[in-house]
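I have placed the structure first, in the form of structure tokens, so that the comments after it can refer back to it.
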Amino acid sequence: MKEYLLRQFNHFELSDVNPGQEINDALLIFCCWSISAFFFVIWANAYYPENAFYQSAIREGIGPNLWNAIGSFGFFAFGIAIIFSQYSLPSRIARQILINTYAIGCLSFGLLLGQWWTLLVSPELIWWRRGLFGVTSGLLLAVIFLYNLAIWYLYYLLKNDSEKKSTFLEKLESMHVMWRFFIGLFFLISITILFFTTS
């Protein structure tokens with residue numbers, strides 16, 4: 001069984017799944033969206049803390065519903081792109097959904113980080129509560145960051161520099177159709193279960 005699996009996947013190389021320097025593109029998108037959102041929250045809380053419009057915009061931006069809905073659709077589209085890897089249209093659709101989901105996640109993260117910092121430096125928090133809040137919520141922020149980065153990674157697997165397919169998809173296409181079907185089906189079933197259990 002092990003030898004059979006090796007024969008099926010041995011044509012993949014590390015460069016096919018390792019973003020390498022391209023991770024800088026993800027970090028650039030992250031910085032553009034999250035830093036802008038972070039400073040907006042700091043500015044709004046410092047100068048207009050009673051402004052209902054600003055505070056409502058921050059709350060709605062942090063709310064995960066939009067990210068969850070579009071992210072689930074992007075995850076579903078990724079599964080479809082895997083199953084129909086011989087066609088370029090499914091992967092193009094999935095790429096657009098995934099990269100926009102990642103950008104929305106970066107924006108939400110920046111807003112959340114701004115609110116976190118506002119609470120962390122609040123004089124109402126005594127020192128031990130500030131430390132406990134900073135550590136626990138900081139770990140949660142790290143998990144959220146990695147979770148959103150995983151969306152970008154799916155985009156990277158489908159990404160190309162032209163209208164051609166990515167190397168990952170080209171090599172996936174060379175596999176037996178049943179392997180592509182089961183891999184894609186795994187993504188489709190996983191996101192369907194997750195979507196309906198959290199809705």
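The values are calculated or read from the model by the stated rules, or taken from the named source; none is laboratory data. Everything numeric in this text was worked out from a predicted model, so none of it was measured. A quick note on method: Cβ atoms are made from the backbone with ideal geometry, for glycine too, and the neighbour counts reach across all protein chains shown. Each accessible area value is taken on the protein alone, full model and side chains, heavy atoms only, with ligands, DNA and RNA left out. Shrake-Rupley method; radii C 1.70, N 1.55, O 1.52, S 1.80 Å.
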How about segment 57-87: which of its residues are in contact with an Asp or Glu (Cβ under 9 Å, 6 or more places away or on another chain) and surrounded by fewer than 17 Cβ atoms within 10 Å (Cβ to Cβ)?
Leu66, Gln86
So in segment 170-187, with the set limited to residues that are aliphatic (A, V, I, L, M) and touching a residue at least 24 places away in the same chain (Cβ under 8 Å), which one is surrounded by the fewest Cβ atoms within 10 Å (Cβ to Cβ)?
Leu185
Output the residue which, of all residues in segment 110-161 that are more than 30 Å from Leu89 (Cα to Cα) and part of a loop (DSSP other than H, G, I, E, B), is least open to solvent (accessible area, probe 1.4 Å).
Ser122
Starting from segment 131-156, keep only residues that are within 30 Å of Thr167 (Cβ to Cβ), then list their pairs with residues that are crowded, with 16+ Cβ neighbours inside 10 Å and among the β-branched types (Val, Ile, Thr) whose Cβ atoms are within a distance under 6 Å, requiring at least 6 positions of separation or different chains.
Ile151/Thr101; Tyr155/Ile99
For segment 49-77, what are the residues that are under 23 Å from Phe186 (Cα atoms) and in contact (Cβ under 8 Å) with a residue 24 or more places away in the chain?
Trp67, Asn68, Ile70, Gly71, Ser72, Phe73, Gly74, Phe75, Phe76
Subset of segment 24-35 (residues that are under 13 Å from Gly105 (Cα atoms), open to solvent by 40 Å² or more (accessible area, probe 1.4 Å) and of a type outside the set (A, V, I, L, M))
Cys31, Cys32, Trp33
Taking segment 171-199 as the search range and keeping residues that are among the hydroxyl-bearing types (Ser, Thr, Tyr) and not in a helix (DSSP H, G or I), which one is modelled with the lowest pLDDT?
Ser199
